[in-house]
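Notes for the one structure printed next.
The values are calculated or read from the model by the stated rules, or taken from the named source; none is laboratory data. Fair warning: this is a prediction, and the values are worked out from it, not measured in the lab. Using ideal geometry, Cβ is built from the backbone for each residue, glycine included, and neighbour counts are taken over all protein chains shown. SASA here: full protein model, heavy atoms, side chains in, ligands and nucleic acids out. Shrake-Rupley method; radii C 1.70, N 1.55, O 1.52, S 1.80 Å.
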Amino acid sequence: MKSKARLGEKYSDDEAMKLAIDIAYQGWGDVKSNPMVGCVVLNSEKKLVSFGYHEKYGEGHAEVNALKNVEASQVEGGSIFVTLEPCSHYGKTPPCAELVRQFPFSRLVIGLMDPNPLVNGKGAMLVSEKGILVETHSKYLQELEYQNSIFLTNMKEKRPFWAVKQGLSKDYKITGPEGKTARVTNEHSRKEVYRLRHAFSCMSVSGKTLLQDSPKLSVVREDQEYYPDLLVFCTDPNKYLALDVPALTQRQAEQVCFLSPAKEFKVIKDNGFEFVQVNWQDQDSILQMQQYFYSTRKWSSIFVEPGAELFDFLWQQKVIDRYYFFIGQNSQGSTAKSFSKHLNFEQDILRKLSVPQKNFSGDYFFEIDA
Ligand SMILES: NC(=O)c1ccc[n+]([C@@H]2O[C@H](COP(=O)([O-])OP(=O)(O)OC[C@H]3O[C@@H](n4cnc5c(N)ncnc54)[C@H](OP(=O)(O)O)[C@@H]3O)[C@@H](O)[C@H]2O)c1
């Protein structure tokens, strides 16, 4: 990223905000459940003086990192660009709006106003009270909303952001022939799955897939492996509790939650495990479940890797915010299990897209927002 940022060179407003967005992505997964934020500092001649991003949850915000080596004299009459409104409250770190107003900037340019009720407009106000002009930059609004879709869902709806990921063969199957477990996508796709998983607080799968595939549902990053919390969909947790599979044995019991259908919302704790029951026909019950996962379990996001039956259920239930599909290069044939029992991939899914979004060494990757 440093090579893309040209210190000492002139930046237009668009270029400065775009750079701030690109830099913010470096915090991917490391800042959860905070938003990714980037900051760019220009002097009065609009030349790039400094930049920074929120690197790790609980540590310095983007503004702090961008301003830590900046002298006031360098930015007299200059501009500071932030992808998200500077915070105005004492959280894990002091308010960034206080820091920004200590510098003699003439302008603060904000990409997204912060919907967090603790901030919303207050950060901008604190800065403008100092006589610094505060502007919003709307050109990249869609990109900014996409970048922080998890955070925005959390703040606006007080619930976790849900994503589904499936790895499909060229003929849209999720298993090998005869329904046997098989790798249907390549190594490059699998690395991307790890990258995606890293941005989510909780992994999720059906008990049936745990039993059949024995997956780890871990995240591997720079040769380090870790195991986020796990949510297991099943009707009877007793069938899966004692499974000798790494997804369960590598986690503390407290990290595992079983989710089953029932008449009403209920949470039962036993031997460290958590058993959540929900009535999917009742919106209040679903709301209670969502609030429980978000506020009590502190899950900002849930990454589900369903087989066909669970996929169909989640699709019909409309609980998913984003779908990720990886399509491999080999077909698995008619005896392999299709991604869905009811949907046709080309008609029901691909129709929503005009072109494949990414190509991972021959595998295609599609991303669809619900
Ligand atoms: N390629 C991929 O991306 C991918 C991803 C996942 C799985 N797979 C493959 O898919 C195969 C399994 O697919 P599948 O369609 O047979 O099974 P599945 O969709 O993984 O799981 C079905 C099971 O999920 C549980 N379930 C479904 N809806 C539920 C709900 N509303 N609440 C709670 N539990 C619910 C039920 O568990 P109970 O039986 O306990 O009631 C049901 O039997 C595996 O062999 C695996 O290899 C592939």
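Tyr324 passes every criterion in (1) assigned to a loop (DSSP other than H, G, I, E, B); (2) under 19 Å from Phe366 (Cβ atoms); (3) under 21 Å from the mean Cα position of the chain (by Cα) apart from (1). The residues of segment 197-240 that are part of a strand (DSSP E or B) and touching a Leu at 6+ places or on another chain (Cβ under 9 Å), listed by number, are Cys202, Met203, Ser204, Val205, Ser206, Leu230, Leu231, Val232, Phe233. Evaluated against (1) touching a strand residue (DSSP E or B) at 6+ places or on another chain (Cβ under 8 Å); (2) at pLDDT 95 or above, Thr249 falls short on exactly one condition, (1).
Within segment 125-146, restricting attention to residues that are more than 16 Å from Val40 (Cα to Cα) and among the acidic types (Asp, Glu), the residue that is nearest to the chain's Cα centre (by Cα) is Glu145. The single condition from (1) at pLDDT 95 or above; (2) open to solvent by 60 Å² or more (accessible area, probe 1.4 Å); (3) more than 15 Å from Leu230 (Cβ to Cβ) that Trp280 fails is (2).
In segment 237-261, the residues that are free of Cβ contacts under 8 Å to residues at least 60 places away in the same chain and aromatic (Phe, Trp, Tyr) reach residues that are open to solvent by less than 40 Å² (accessible area, probe 1.4 Å) and near the ligand (Cβ under 9 Å from one of its atoms) with C-beta atoms within less than 7 angstrom, at least six apart or across chains, in these pairs: Tyr240/Gly207; Tyr240/Leu210; Tyr240/Val232; Tyr240/Cys234; Phe258/Val232; Phe258/Cys234; Phe258/Pro237. Looking across segment 336-366, the residues that are within 13 Å of the ligand (Cβ to nearest atom), in a loop (DSSP other than H, G, I, E, B) and open to solvent by 20 Å² or more (accessible area, probe 1.4 Å) come down to Lys337, Lys341, His342, Leu343.
Residue by residue, here is whether (1) modelled with pLDDT of 95 or more; (2) β-branched (Val, Ile, Thr); (3) assigned to a helix (DSSP H, G or I); (4) open to solvent by 50 Å² or more (accessible area, probe 1.4 Å) holds:
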residue	(1), (2), (3), (4)
Gly60	no, no, no, no
Glu63	yes, no, yes, no
Ala66	yes, no, yes, no
Gly77	yes, no, no, no
Thr83	yes, yes, no, no
Thr93	no, yes, no, no
Gly111	yes, no, no, no
Val134	yes, yes, no, no
Asn154	yes, no, yes, no
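Of all residues in segment 226-236, those that are without any contact (Cβ under 8 Å) to a residue 40 or more places away in the chain and open to solvent by 20 Å² or more (accessible area, probe 1.4 Å) total 4. Would you point out the residue of segment 308-329, among those that are over 19 Å from Gln290 (Cα atoms) and out of contact with any Asp or Glu (no Cβ under 9 Å at 6 or more places or on another chain), that is farthest from the ligand (Cβ to nearest atom)? The extreme case among them is Asp312.
For segment 175-225, taking the residues that are open to solvent by less than 70 Å² (accessible area, probe 1.4 Å) and at positive phi, the one that is nearest to the ligand (Cβ to nearest atom) is identified as Gly179. Across segment 285-303, a minimum of one residue is classified as of a type in the set (Val, Ile, Thr), assigned by TED's automatic domain parsing to the domain that holds Leu231, more than 12 Å from the ligand (Cβ to nearest atom) and free of Cβ contacts under 8 Å to residues at least 60 places away in the same chain.
Residues are listed down the side, and each one gets a yes or a no for (1) open to solvent by 10 Å² or more (accessible area, probe 1.4 Å); (2) part of a loop (DSSP other than H, G, I, E, B); (3) under 22 Å from Asp114 (Cβ atoms); (4) not assigned by TED's automatic domain parsing to the domain that holds Gly77:
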{"residue": "Tyr25", "(1), (2), (3), (4)": "yes, no, yes, no"}
{"residue": "Val31", "(1), (2), (3), (4)": "no, yes, yes, no"}
{"residue": "Cys39", "(1), (2), (3), (4)": "no, no, yes, no"}
{"residue": "Lys56", "(1), (2), (3), (4)": "yes, yes, yes, no"}
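Taking Ser50 as the residue in question, decide whether it is over 30 Å from Pro228 (Cβ atoms), among the hydroxyl-bearing types (Ser, Thr, Tyr) and either open to solvent by 10 Å² or more (accessible area, probe 1.4 Å) or at pLDDT below 95 (or both). Taking the combined requirement at face value, the residue satisfies it. Looking at segment 304-315, is at least one residue in a loop (DSSP other than H, G, I, E, B) and open to solvent by 30 Å² or more (accessible area, probe 1.4 Å)? Taking every residue of segment 304-315 in turn, none turns out to be in a loop (DSSP other than H, G, I, E, B) and open to solvent by 30 Å² or more (accessible area, probe 1.4 Å).
Just a yes or no: is a residue in segment 249-258 more than 11 Å from the ligand (Cβ to nearest atom), open to solvent by less than 70 Å² (accessible area, probe 1.4 Å) and in a helix (DSSP H, G or I)? Taking every residue of segment 249-258 in turn, at least one turns out to be more than 11 Å from the ligand (Cβ to nearest atom), open to solvent by less than 70 Å² (accessible area, probe 1.4 Å) and in a helix (DSSP H, G or I). Determine whether Glu274 is without any contact (Cβ under 8 Å) to a residue 40 or more places away in the chain and open to solvent by 80 Å² or more (accessible area, probe 1.4 Å). Judged against the criteria, Glu274 is not a match.
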